[in-house]
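Working notes, structure below.
The values are calculated or read from the model by the stated rules, or taken from the named source; none is laboratory data. Quick caveat: nothing in here was measured; it's all calculated off a predicted structure. Cβ placement follows ideal geometry from the backbone for every residue including glycine, while neighbour counts extend to all protein chains displayed.
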Amino acid sequence: MARLRIAVLPGDGIGKEVVEAAFLPLEKLGLDAEYLWGDIGWEFWKKEGNALPQRTIDLLCSTDVCLFGAITSKAEDEAIQELNPSLRGEGIKYTSPIIQLRQFFDLYVNLRPCKAFPRNSLNFREGIDLVIFRENTEGLYAGVEFHPLPSEVRRVLDQYNPAMMRFSSASEEEIAVSLRWDNIWGIWGQHLGSNLQNSDKILPFRNSILSLNRLSLSNLRSNFFIASLTAGPLIPKYCPIFLPFSPVNIFTK
């Protein structure tokens, strides 16, 4: 029996090509692995009304890791037009399978090490050694949005935020709202810290953290983000240096 069970989800378009390319180094490594192919993407939305069938979730729950390619997402009206005619009118709505995967498996951070190895002709430049943490399940990825804007939600927004006065002449049908959702259990809060007790395993020899926030556009949310970063157990040894007139915050040891 193979030591590893690896799910393979090529998905749509370029996804098939990148997964095929991923097998080149895997074959060279000679992994003791069983590869199990799964269904995901636009073709399954059109045929079944579900771009992420339950059988694929079951497959992922039974494997050790997944190779995922890419998927196609389209506007709601276009998605309905391409749906199997027998499924139209059933109230089915398209939801991105990658967002579903992130939320179902709580894949709250996209961790991207970026390192320039010496004498590599493909290096952008020498000396690059970064680890990028990208939000996966919060912010705009929370998937909390409304159209038309429910009257109950509008009343609350009108009551608590004077900026809503600018839209007083617009009807609910003319307003769409997407929430940028953040809580203290986000990637910089205690959730990440509780899963990475020893930050030096992920951030070896790093002496600073660079956080990108547009304070001028989202002051309250950015302040909350900074507070959760400095309060979380992941980075108790970092001291913040704030640049109040810049969209960049630097946290250094």
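As a summary of the residue check, Lys74 satisfies the conditions (1) at pLDDT 90 or above; (2) not assigned by TED's automatic domain parsing to the domain that holds Ala22 except for the one numbered (2). Does Val18 satisfy the condition of being out of contact with any helix residue (DSSP H, G or I) (no Cβ under 8 Å at 6 or more places or on another chain) and either free of Cβ contacts under 8 Å to residues at least 60 places away in the same chain or surrounded by 15 or more Cβ atoms within 10 Å (Cβ to Cβ) (or both)? It is true that Val18 is out of contact with any helix residue (DSSP H, G or I) (no Cβ under 8 Å at 6 or more places or on another chain) and either free of Cβ contacts under 8 Å to residues at least 60 places away in the same chain or surrounded by 15 or more Cβ atoms within 10 Å (Cβ to Cβ) (or both).
Of the candidates Glu126, Glu138, Glu173, Glu152, the single residue that is charged (D, E, K, R) and surrounded by 15 or more Cβ atoms within 10 Å (Cβ to Cβ) is Glu138. Residues considered: Leu52, Leu60, Leu24. Of these, the only one that is of a type in the set (A, V, I, L, M, F, W, C) and either part of a strand (DSSP E or B) or touching a strand residue (DSSP E or B) at 6+ places or on another chain (Cβ under 8 Å) (or both) is Leu60. Of the candidates Asn123, Asn161, the single residue that is over 27 Å from Lys93 (Cβ atoms) and in contact with a Phe, Trp or Tyr (Cβ under 9 Å, 6 or more places away or on another chain) is Asn123.
In the range 31-40, the condition of being assigned to a helix (DSSP H, G or I), free of Cβ contacts under 8 Å to residues at least 60 places away in the same chain and assigned by TED's automatic domain parsing to the domain that holds Pro85 is met by no residue. Exactly one residue out of Ile132, Ile92, Ile98 is surrounded by 11 or more Cβ atoms within 10 Å (Cβ to Cβ), assigned to a loop (DSSP other than H, G, I, E, B) and among the aliphatic types (A, V, I, L, M): that is Ile92.
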